[in-house]
1. According to a simple spin-label model (label point 7 Å from Cα along Cα-to-Cβ), what is the distance in nm between E45 and L204?
2. Add -39500 (n - 2.57) for each DSSP H run of 4 or more in the chain, then divide by its residues: what number comes out at 222 nm, to the nearest 500 deg cm²/dmol?
3. Specify which residue in the list A83, I316, W237 is farthest towards the positive end of the charge dipole of the chain, using unit charges on the beta carbon of Lys, Arg (+1) and Asp, Glu (-1), about the Cα centre.
4. Taking a ≥ b ≥ c as the square roots of the Cα gyration tensor eigenvalues, with a/c under 1.5 meaning rounded and otherwise prolate when a/b beats b/c, else oblate, which class fits region 10-117?
5. How big is the dipole moment of region 134-355 about its Cα centre under a simple scheme where the beta carbon of each Lys and Arg is +1, that of each Asp and Glu is -1, and everything else is neutral? Debye, nearest 20, please.
6. What order do you get for 9-15, 268-274 when each peptide is scored by the mean count of other beta carbon atoms within 10 Å, highest first?
7. Pick out the long, greasy-scoring helices in the chain: whole DSSP H runs spanning 18 Å or more along their own axis by Cα, mean Kyte-Doolittle at least 0.5.
Amino acid sequence: MSEAPVTGVVTAVRAGQGFDEAAAAAWLAPRIPALAGGFTVRQFEGGQSNPTFLLETGARRWVLRKKPPGPLLASAHLIEREARVLGALAGTAVAVPGVVAYCADPAVIGSDFMVLEYIDGRIFRDPALPGLAPAERTAIYQAAVDCLADLHAVDWQARGLTGYGKPSAYVARQVARWQRQYEESCDRPIAAMAWLIDWLPRHLPPESPPAIVHGDFRLDNLVIARGSPRVAAVLDWELSTIGEPAADLAYFCITYHMGPTASALRGLAGLDLAALGIPDEAAVLARYAARRGQPVLPPEHARWFVAFGLFRMAAIAAGIAARVRHGNASSAEASAYAAQAEPCAERARALAEGLA
């Protein structure tokens, strides 16, 4: 009998990313009795924030997610926020993995960590979805857009998320936050970033009613069910907060502005989307609006948010570059992502200059 497939690519635990497995097992045993007899550990590839591991014992699986080792930016890698929002979304229309255990004591393995329910399914790293039929691609993209609309429709106050974020002035604060993170991380100034730091806050779009914002909603953070386009789980909630839903929507659309040949942050620009069966950006915006019962986001606002999303991606890439320098980057692909800081900033500036 062949081994059951694993959601995502797993490898041996990478150098510098491991944790005290015996200490974790001792802490987990009374909380998850099935782990009392010990477990094997492998590390998931992909993801540039919090190292994520597959725990296996017999035929059962769990996911352990922790903060990376070494010096960290104060506002990054907030495992405790992920645990809170996952708990709040349990039982809603948005499928998320359940939090099985959470450890807030860094003395156990060196950092906070949580153990999550393992969700079986497929993760697609390439947004062009190679190997699928056009109709399958259409259905997966439509399911992803519907999932995002359903997330933004969740009553965050009723789900206990008051205080999870500051609902007002989200966009202005986000521009300032990512400017600060970029400036704290970058060892080589990027001209396009300096231009955006000046331009973005002077052209802020109007605010929408606040919603739960995932912050990193893209296809490769979704688990798609096997044999179905259904979104089985939304992963990686580190950047989630309460804020501007248009920022999430536009971030999902960044893939239409990225080329398909990059080794990291691969996109759809220049591909024959109709032949592939992938909805174009306008179709995504229209489907989202219909699902929410709202007007379609005006093109100039959509472009501003895409430019902001690229600016934020550049700041994140600069942060990854800093972790590479410190030796605590959480992915083997970190150097490729780090190299995208300047290209993302330049794309953002080009979009913004088109709006001027």
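Just so you know, all these numbers are worked out from the coordinates, no wet-lab data involved. Please read these numbers as outputs of a predicted model, since none were measured by experiment. Note that each Cβ is placed from the backbone with ideal geometry, even for glycine, and that neighbours are counted across all protein chains shown.
1. Inter-label distance under the simple model: 4.2 nm.
2. The helix contribution divided over the chain gives -12000 deg cm²/dmol.
3. Positive-most Cα among the choices belongs to A83.
4. Note, shape of region 10-117 comes out rounded.
5. In total the dipole reaches around 220 debye.
6. On the way: 9-15: 12.1, 268-274: 13.9.
For the peptides 9-15, 268-274, the packing ranking is 268-274, 9-15.
7. For the chain, where a helix must reach 18 Å along its axis and average at least 0.5, the hits are 299-326.
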